[in-house]
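Contents: one structure, followed by commentary.
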Amino acid sequence: MKAPVYIFSNGELSRQQNTLRFDGPKGMRMVPVETTSEIHVFGEVALNTRALNFLTQHGIPLHLYNYYGYYAGSYMPREQYVSGYLTLQQATHYNEFPKRLALAQAFVLGALRNLEKVLMYYQRRGPGNYGEVLDNIRDAQYLVTDQQDIETLMALEGNARTVYYQVWDGILNNEDFKFESRTKRPPLNRVNALISFGNSLMYVSCLSEIYRTHLDPRIGFLHTTNYRRYSLNLDLAEIFKPIVVDRIIFTLINKGMLNASSFQKDSGGIFLKENARQTFLKAYDERLKDTLMMPRLKRHVSYRRLIRMECYKLEKHLIGDEPYVPYVARW
């Protein structure tokens, strides 16, 4: 099974015969294309058109991150599967507002239901009582179909997340990780740094899975299609952030795998140090490999595969085969 490759060191990535080679401070490292699904570059890496052409031949996306570990951009090989017919249907569903709104509502509903699942999971396992917050999130679910424009729909989700974040201090129960409020660009405390980093990884994972389907990542439904290069991956990420990213954050902090020394102050914000990013990435990669039983399929599938399956469900919706129903965790 193919797996992502992460490069943290500075160096050079090149083609060597029928494989890739990375030369860094610790010497040479071979990157077999047969087992590589995508490459994530966190260091300063030089590469040439020969290497890029080789990545294109094997359909391997290359994702780049900035100094702070946040997503900066991607080299996406030419689309292997994009269908003209499906792209036309995707654009039609975007341009015909009732169709776009129905999909946007489905993404928000999936996100809210997974927020609920996360809180129910921790309420069963801890001393906290999150009943009032759960009621607010459930109330928001009932209001989703009442929202008749994208702006109020996103505001509904944003307000529900604000309420959801209010119980994080109880789940974490750690003086070094007080949530306070959601801040971005830059994150102003450690919890926000973790959320921003984890969400960035989820956006890229969704982008990579979309690439392997017939969907066009540039046409989203909840997130407006504009001068932003990709938006569909942002839609899909809303569903998976609570059950993947948030759960990882809780685990890393509650198990003492990250602490106050794992972060640094820079440019007016708080960011993860390199060793903390590697710890998070290891947990993230393991989470995406975790499997769970899918009763309908009668087999186990990984969380990474779940993202791909969400894309397939969306394809069926766009061509009129089956209405899209977002994935909701069953634990």
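The values are calculated or read from the model by the stated rules, or taken from the named source; none is laboratory data. Remember, it's a predicted structure, so these values are computed and weren't measured experimentally. Cβ atoms come from the backbone with ideal geometry, glycine included; neighbour counts cover every protein chain shown.
Observations
- Any chance Arg330 is within 26 Å of Ile171 (Cα to Cα), modelled with pLDDT under 95 and in a loop (DSSP other than H, G, I, E, B): yes
- Qualifying residue in region 306-328 (condition: within 27 Å of Thr251 (Cβ to Cβ) and in contact with a Pro (Cβ under 8 Å, 6 or more places away or on another chain)): yes
- Test: residue in region 242-263 that is assigned to a strand (DSSP E or B) and either surrounded by 13 or more Cβ atoms within 10 Å (Cβ to Cβ) or among the charged types (D, E, K, R) (or both): yes
- Scan of region 281-327 for residues that are within 27 Å of Phe197 (Cα to Cα), modelled with pLDDT under 95 and not in a helix (DSSP H, G or I), ordered by number: Asp290, Thr291, Leu292, Val301, Ser302
- Just one of the numbered conditions (1) in a helix (DSSP H, G or I); (2) of a type in the set (Lys, Arg); (3) at pLDDT below 95 is not true of Arg228: (1).
- Flag: Ala46 does not match the condition of being closer than 23 Å to Tyr303 by Cα, small (Gly, Ala, Ser) and in contact (Cβ under 8 Å) with a residue 12 or more places away in the chain.
- Residues that are of a type outside the set (Val, Ile, Thr) and within 17 Å of Gly158 (Cα to Cα) within region 230-269 comprise Leu234, Asp235, Leu236, Ala237, Glu238, Phe240, Lys241, Pro242, Asp246, listed in sequence order.
- Residue ID - modelled with the lowest pLDDT, chosen from residues in region 185-225 that are among the β-branched types (Val, Ile, Thr) and in a loop (DSSP other than H, G, I, E, B): Thr225
- Considering region 264-278, the residues that are surrounded by fewer than 16 Cβ atoms within 10 Å (Cβ to Cβ) and not hydroxyl-bearing (Ser, Thr, Tyr) include one that is nearest to Ile210 (Cα to Cα), namely Gln278.
Every residue, every condition in (1) among the polar types (S, T, N, Q); (2) at pLDDT below 90; (3) not assigned by TED's automatic domain parsing to the domain that holds Lys265, yes or no:
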residue	(1), (2), (3)
Ile7	no, no, yes
Asn10	yes, no, yes
Leu20	no, no, yes
Pro25	no, yes, yes
Glu34	no, no, yes
Ser37	yes, no, yes
Val41	no, no, yes
Tyr65	no, no, yes
Tyr70	no, yes, yes
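- Some residue of region 175-190 being of a type in the set (Asp, Glu) and either buried (at least 21 other Cβ atoms within 10 Å of the Cβ) or touching a His at 6+ places or on another chain (Cβ under 9 Å) (or both): no
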